[in-house]
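Take a look at the structure below.
The values are calculated or read from the model by the stated rules, or taken from the named source; none is laboratory data. Quick caveat: nothing in here was measured; it's all calculated off a predicted structure. Because the Cβ atoms are built from the backbone with ideal geometry, glycine has one as well, and the counts that use them run over all protein chains shown.
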Amino acid sequence: MSSDDDIVLVISNAPDLLLAKRIAHVLVEDGLAACVNLGAPVLSIYRWEGEIEGADEIPICIKTTAGRQQAVVQALAKLHPYEVPEIIVVPVIGGSAPYLDWVRAQAGGAGS
Amino acid sequence: MSSDDDIVLVISNAPDLLLAKRIAHVLVEDGLAACVNLGAPVLSIYRWEGEIEGADEIPICIKTTAGRQQAVVQALAKLHPYEVPEIIVVPVIGGSAPYLDWVRAQAGGAGS
Amino acid sequence: MSSDDDIVLVISNAPDLLLAKRIAHVLVEDGLAACVNLGAPVLSIYRWEGEIEGADEIPICIKTTAGRQQAVVQALAKLHPYEVPEIIVVPVIGGSAPYLDWVRAQAGGAGS
């Protein structure tokens, strides 16, 4: 059903802007992602070991291909300090053809 | 095609941060969601009763399971002051396995 | 598989708030979108002509129907100053029925 050329959004959060920038640079420099957006801080509310907790985080939105998705998830898990960092993948079902082609050219490279 | 164990994003907006925090706490405390992100204010532009309107809103992004999706939509509609609040669901097609399992454990509980 | 009545998110970025507001007004006034959210500035990091670049951008999230998706993409490409603006489409698989119906009524009009 899905192809390595499909575009996906990989969504994560970093505990601070410095790490978020480092993640973005590594992913783009290594050709794992075409573009990374770092958003204004969000307040994350969740239960951890039974208690409701809140944390300020920098949202990270990564544009890449389905073929690179697994490598991006692995790179994020390695770069991220959390035990169980949020990393989810959302499908892209359309858009501007030149932009989608640009993402493929940047991130869908030689599979190296 | 879809399973109660699938992960979804439920996306909404609240008119202010106080209500957004209340919604987040209720959903996490009641085991309806694993994690809720409250973002920096957004400007929403829409037509209402024929006029173009703008409103500052707090974006809410809820991580839960497909099995909890309907209960989350109902809880949001009840907690929200708008006549027709924005509540949409976006699919999650992958991510970090430990994170997806954590969402299922938090939100996919006894179905109570 | 998909119907013109399906709801989609069209996601883009503008180089500044003024243009983002103009895009939002045009899309809502022309009945191409039901609602447009303009977010707090994001930092976009990408490679352009071999160099890693960063740019502050205003994220734009457009709620419309699959039937209007192509017209929205074309309008965005025309209004946007970038050579290859980011325009991607994410599926919506559920939500509050009154809200989804409202999006269809606003954006799924006469197909004009």
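The residue that is farthest from C:Ile58 (Cα to Cα), counting only those in the range A:21-47 that are touching a residue at least 40 places away in the same chain (Cβ under 8 Å) and in contact with a Ser or Thr (Cβ under 7 Å, 6 or more places away or on another chain), is A:Leu32.
Take C:Leu18 and decide whether it is touching a residue at least 12 places away in the same chain (Cβ under 8 Å) and either under 19 Å from B:Pro59 (Cα atoms) or more than 12 Å from the chain's Cα centre (by Cα) (or both). Criteria not met by C:Leu18. Counted as qualifying within the range C:14-112 are the helices (runs of 4 or more DSSP H) with 1 or more residues that are within 8 Å of chain B (Cβ to nearest Cβ), at pLDDT 95 or above and surrounded by fewer than 16 Cβ atoms within 10 Å (Cβ to Cβ), namely C:17-29, C:97-107. If we scan the range B:58-74, do we find a residue that is farther than 24 Å from A:Ile11 by Cα and touching a residue at least 40 places away in the same chain (Cβ under 8 Å)? Within the range B:58-74 (the criterion being farther than 24 Å from A:Ile11 by Cα and touching a residue at least 40 places away in the same chain (Cβ under 8 Å)), the answer is no, since none of the residues qualifies.
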